[in-house]
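Engineer: Have a look at this one.
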Amino acid sequence: MVLKEAVRAFLCLINTVTIALGIAIAALGIFCISKSKSEPLKDIEHGTLISFVAFVFVIGIFVIMLGCLGCFGSLTQSPRMMTLYMGLTTIILILELAAMVGVFAKRKQIKQQADEGFKKYVEEYYDNTTDSDVRKGIDVIQFNLKCCGYNGAADYGSNIPASCCSLEVERYDECPSDKRIMDGCKEDLAKFVGNLVIMFGIVMAVAVLLDVLTTFGACFIRRNVSRYDQIA
């Protein structure tokens, strides 16, 4: 049956991409968890951020299992694998929906944590106890968002970081006057975090759609496979 072969090819393609995506998600989760005790994150280790990161890691593991089952199940046309695949797809679908709803429900809290954290580390930028990763993080945010400090460059007094220049320079005093950034990051950071939340929602919505399609595809193969088609 041409339709069945097309569905099998579709499932193989989608699940190959799914395996790669799952590995990337799990690796990101491991990296973020390993960094959770560093200076920028230790204050919120038991808060929303670390819980979300751990949740993402669990999703990554399930996605890898899902992809493997989808590939082998569609190739072998095994009813048992297809049944297990549909079961895992349903679990992943529920997790994705929970993550999407959870992030949107806590978007204000996420923005508030980002805002308070950034303000705190700007104030502690030149403290001897401040981790170098914190300074690098602040510099990356300031340089990419083209802003300086929380309320403005005045937050740093006379010792303004080089990242408050729209050009890459070693010291702020090397920056041309027309390239010096004076506006604060408060509003830009809020917009950036808000856009990340929206992007996350879009990605999760696409993932949900793909899961629904692959579930129907697996159901179609399982219902239309004969005992002569099965390899295992």
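Engineer: Quick check for you: with a 1.4 Å probe and neighbouring chains kept, what is the accessible area per residue of the chain, in Å²?
Structural biologist: Ligands and nucleic acids excluded, the figure is 58 Å² per residue.
Engineer: Which of the helices in the chain meet the span-like rule: DSSP H, Cα axial reach of 15 Å or more, Kyte-Doolittle mean at least -1.0?
Structural biologist: Counting only whole DSSP H runs, the qualifying helices are 2-34, 48-76, 79-105, 132-145, 186-224.
Engineer: Probe radius 1.4 Å, ligands and nucleic acids ignored: give me the carbon and sulfur share of the accessible area of the chain as a rounded percent.
Structural biologist: Carbon with sulfur: 65 percent of the solvent-accessible area.
Engineer: Shifting gears a bit: Among the listed pairs 146/191; 111/179; 120/179, give every one whose C-alpha distance is greater than 21 Å.
Structural biologist: Result: 111/179; 120/179 exceed 21 Å.
Engineer: Testing the spin-label approximation: label points 7 Å from Cα along Cα→Cβ at residue 133 and residue 12. State their distance in nm.
Structural biologist: Going from the residue 133 label point to the residue 12 one covers 4.2 nm.
The values are calculated or read from the model by the stated rules, or taken from the named source; none is laboratory data. Here the structure is a predicted model, which means the values were calculated and not measured. Here Cβ is always computed from backbone atoms with ideal geometry, including for glycine, and neighbour counts include all displayed protein chains. Surface accessibility is based on the protein's heavy atoms, side chains included, excluding ligands, DNA and RNA. Shrake-Rupley method; radii C 1.70, N 1.55, O 1.52, S 1.80 Å.
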